[in-house]
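Read the figures in this text as sums done on the coordinates, not as results from a lab. The model shown is predicted, which means the values in this text are computed figures rather than measured ones. Because the Cβ atoms are built from the backbone with ideal geometry, glycine has one as well, and the counts that use them run over all protein chains shown.
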């Protein structure tokens, strides 16, 4: 029977750590005279004027339901319906290139205990705009927003539009990957707790089995998100899209992201192997416990056989002596001696015989 997976409340995944604050709607824009500024707004429509006047712009929209709101937001900023529908058709990751538009679906992982929640991050790109849309539980770009203005100012003014878009995109994907990687530590901590259950010989097997299943399921979900991110990065790393740079130096940034994702996938797969070895150890422990029980039962059966044999012979003799035609030839003292001697001799013979047949470990 497959154990039920505990379902975490959405508020669990929307809770923020000591250094995290909820995401907001904001816009980092570069004017045509190369001035960089950032603006916050209550609604995505507040940024329409800034986008129209910017040479390059990053708009981040934090909404309650990103899948429901994406078509409306994308239409507001002039993106094609085909791009949006292509992203909504996938669950974990996607890369869509329509020459003048680029659509990305990135997984945002958040872990509570052994519950892995994968939230979608939609990124739409065109000539002068990067639009990101995600749910309120995703908080990975809060820190970058604080320094995004400084980061963009460091990009040389004579840099091409594709180069600037690529540099910003690399930084956004890198921040998302960093937050995803942090969740592996949380899964490892849960793995250590399960190891404590494995060590304890009195841990209920049903509980241990459910915990191991939950651990395996968490690793599979986490690995799936990393593979999804890797697919998107590998699609970007060669600069085939018209909106992505052809500069080999900038493209190395995508190669670095790919290398980091590959390393974390290897670590996660190694954890899966360790978990599999833990299952083998658990099975060995159960087999040893069953063997010990079988040995004890064999030992008990041996002594019961000896006692049964020791009682059987005198019981048979007593039945014979109970016949009047025979008992009248023996007095009670003789019968008693015969019964005692026969009991001792039969017990010794039964013990000797069983001892020769049983394995040495039961000696």
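Could you order peptides 211-219, 186-194, 130-138 by the average number of other Cβ atoms within 10 Å of their residues, highest first?
Numbers: 211-219: 18.6, 186-194: 15.1, 130-138: 22.6.
The densest-packed peptide leads the list: 130-138, 211-219, 186-194.
Ranking request for peptides 37-50, 84-97, 105-118: highest mean number of other beta-carbon atoms within 10 Å first, then the rest in descending order.
105-118, 84-97, 37-50
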Practice problem: Give, in nm to one decimal, the length gained when the segment between residue 290 and residue 149 is fully stretched (0.36 nm per residue of separation minus the Cα-Cα distance). | Solution: 44.2 nm
Quiz item: Residue separation times 0.36 nm, minus the C-alpha to C-alpha distance between residue 81 and residue 315: what's the value?
Solution: 74.6 nm
Practice problem: Please list the radius of gyration and Dmax for the range 10-284, considering alpha-carbon atoms only, with Å as the unit. | Solution: 20.5, 72
Quiz prompt | Two-decimal Rg/Rh across the range 51-166, once Rg and the Kirkwood Rh are taken from alpha-carbon atoms | solution = 0.98
Practice problem: Scale the Cα Rg of the range 29-74 by the rule-of-thumb value 2.2 N^0.38 Å and send over the ratio, two decimals. | Solution: 1.25
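Which value in Å does the Kirkwood hydrodynamic radius of the range 87-244 take, with 1/r averaged over all unlike C-alpha pairs and then inverted? Spell out each step's value before the answer.
Details: mean 1/r = 0.0568 Å⁻¹.
Across the range 87-244, the inverse of the average 1/r is 17.6 Å.
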